Amino acid sequence: MFSYSGPARLIYADGNAFAMERVDLIETVNDGGEWQLSGAGTAAEELTGGEARIKLPTGGEADVLVSNVRVSGASSTVTLLGV
C-alpha cells in the first residue's frame, strides 16, 4: 500500500495546471480488486471538478477525478479519486 502527503501538481485534460499546496493520498483496493488512489487536497487557486492527472514530486503520477470542490475566496479543497 502507498500513501503520500505533501505538494503535488494537478493537470486537467485541457492542459490547465495547478500547484496543490498539499494532498493526502492513499492507495487502496477497490471492490473489483484493483488498486486505486483516493484522498483530498488543497490549492491556493480556484479549482473545478473533472478528470485530471496528478503528478507527485517523487515521480509518481495517476489519473484522478476531482470532485467535491469547495471554494473559499481564492483557495479550494477537493476530493481526489483514482480512475
**Message:** Quick test for you: out of Tyr12, Tyr4, pick the one residue that is modelled with pLDDT of 95 or more and under 15 Å from Gly82 (Cα atoms).
**Reply:** Tyr12
**Request:** Grab the strands (runs of 3 or more DSSP E) fully contained in segment 30-83, keeping just those with 1 or more residues being of a type in the set (Lys, Arg) and modelled with pLDDT of 90 or more.
**Result:** 50-55, 61-72
**Complete:** By residue number, the members of segment 40-53 that are open to solvent by 20 Å² or more (accessible area, probe 1.4 Å) and under 8 Å from the mean Cα position of the chain (by Cα) are Ala40, Arg53
**Asked** Residues in segment 21-36: is at least one surrounded by 14 or more Cβ atoms within 10 Å (Cβ to Cβ), touching an Asp or Glu at 6+ places or on another chain (Cβ under 8 Å) and touching a residue at least 24 places away in the same chain (Cβ under 8 Å)?
**Response** yes
**Message:** Against the conditions (1) surrounded by 15 or more Cβ atoms within 10 Å (Cβ to Cβ); (2) outside any strand (DSSP E or B); (3) of a type outside the set (Ser, Thr, Tyr); (4) free of Cβ contacts under 8 Å to residues at least 24 places away in the same chain, where does Asp14 fall short? Just the number, please.
**Reply:** (1)
**Enumeration of residues in segment 54-76 that are open to solvent by 40 Å² or more (accessible area, probe 1.4 Å), among the β-branched types (Val, Ile, Thr) and closer than 15 Å to Pro7 by Cβ** = Thr58
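The values are calculated or read from the model by the stated rules, or taken from the named source; none is laboratory data. A quick note: this is a predicted structure, and the numbers were derived from the prediction, not measured. Virtual Cβ from ideal backbone geometry, glycine too; neighbours counted across all protein chains shown. For the accessible areas, the whole protein counts, side chains as well, though only heavy atoms, and no ligand, DNA or RNA atoms are used. Shrake-Rupley method; radii C 1.70, N 1.55, O 1.52, S 1.80 Å.
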